[in-house]
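To keep things clear, I will list the structure first and then write my remarks on it.
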Amino acid sequence: MFQALPEPVTFEEFLEWKPENGRYELYKGAIVEMQPTGEHELVRAFLIRELNFEIRRFNLAYTIPGQVLIKSVDKKSGYIPDVLVLNLPNLANEPLWKKASTVTQAESIPLAVEVVSTNWRDDYFLKFGEYEEIGIPEYWIVDYAALGGKRFIGNLKQPTISVYALIEGEYQVTQFRGNDRIESPTLKELNFTAEQVFQAALGEY
């Protein structure tokens, strides 16, 4: 049993406290334990498999680790994306990498992916703003169960993958549904559709 820390918690205190097992994030000084659903994890596993295939196919200096924290610009938050593509050469410039598997620089993060759960506002509002401020070049929101608000996925509330590309410091979105093939500015020759991602939630690869 890990002893709870009085809030607000600094990022440094969070790193010292954080256990090796379990999935914990820091939200503006508050520690939050993440417990994803089985469907969420199947979608995550599908994306890791497909993105890893692309990385190997083009021999890119990228990797997809299990759990890496992204430290926010204001140093009050730390997030573990569902899928995080790391740029290996830049890890030498990350001061917290060796000690705490934490990254702070946009140059280390070509692509971050969040798979939407019931706390969808975190992905569409909170993490969207944080990742944009850091300058992460590409951010996906994978809303396989159409949980997000209508302003984000439309009035019909269809399962949607929103791919945000950083252009002149701001995210611009392209959305994919059904049989649309996913297009990524970072991994330009992906060969799977939005529907394949959504079907992964049902265990249909």
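Taken together, the values in this text are just the output of simple stated rules run on the coordinates, not laboratory data. Computed from a predicted structure; not experimentally measured. Heads up, the Cβs are rebuilt from the backbone with ideal geometry, glycines too, and the neighbour counts pull from every protein chain shown.
With the helix formula -39500 (n - 2.57) applied to DSSP H stretches of n ≥ 4, the chain reaches a computed 222 nm mean residue ellipticity of -6500 deg cm²/dmol. Each of the peptides 26-37, 119-130 was scored by the mean count of other Cβ atoms within 10 Å over its residues; in descending order, highest first, they stand as 119-130, 26-37.
Evaluated over the chain, the count of Lys pairs having alpha-carbon atoms less than 25 Å apart is 27 (only pairs 8 or more residues apart or interchain). Under 5 Å between amide hydrogens, built in the peptide plane, is the criterion, and for A30 it picks out V9 among residues at least 5 positions away or on other chains. The alpha carbon radius of gyration of the chain, expressed as a multiple of 2.2 N^0.38 Å, is 1.00. Along its three principal directions, the equivalent ellipsoid of the range 1-84 from the Cα gyration tensor extends over semi-axes of 29, 15, 10 Å, largest first. To the nearest µm²/s, what D does Stokes-Einstein give for the range 82-171 at 20 °C and 1.002 mPa s, using the Kirkwood radius over alpha carbon pairs as Rh? So the translational diffusion coefficient is about 154 µm²/s. Its Cα centre serving as origin, the range 101-144 has a Cβ charge dipole (Lys and Arg +1, Asp and Glu -1) of approximately 80 debye. DSSP beta bridges confined to the chain are antiparallel in about 80 percent of cases.
Computed about the Cα centre, the dipole magnitude for the range 137-205 is approximately 280 debye when only Lys and Arg (+1) and Asp and Glu (-1) carry charge, each at its Cβ.
Put a plus charge on the Cβ of each Lys and Arg, a minus charge on the Cβ of each Asp and Glu, and nothing anywhere else: the dipole of the chain about its Cα centre is then about 160 debye.
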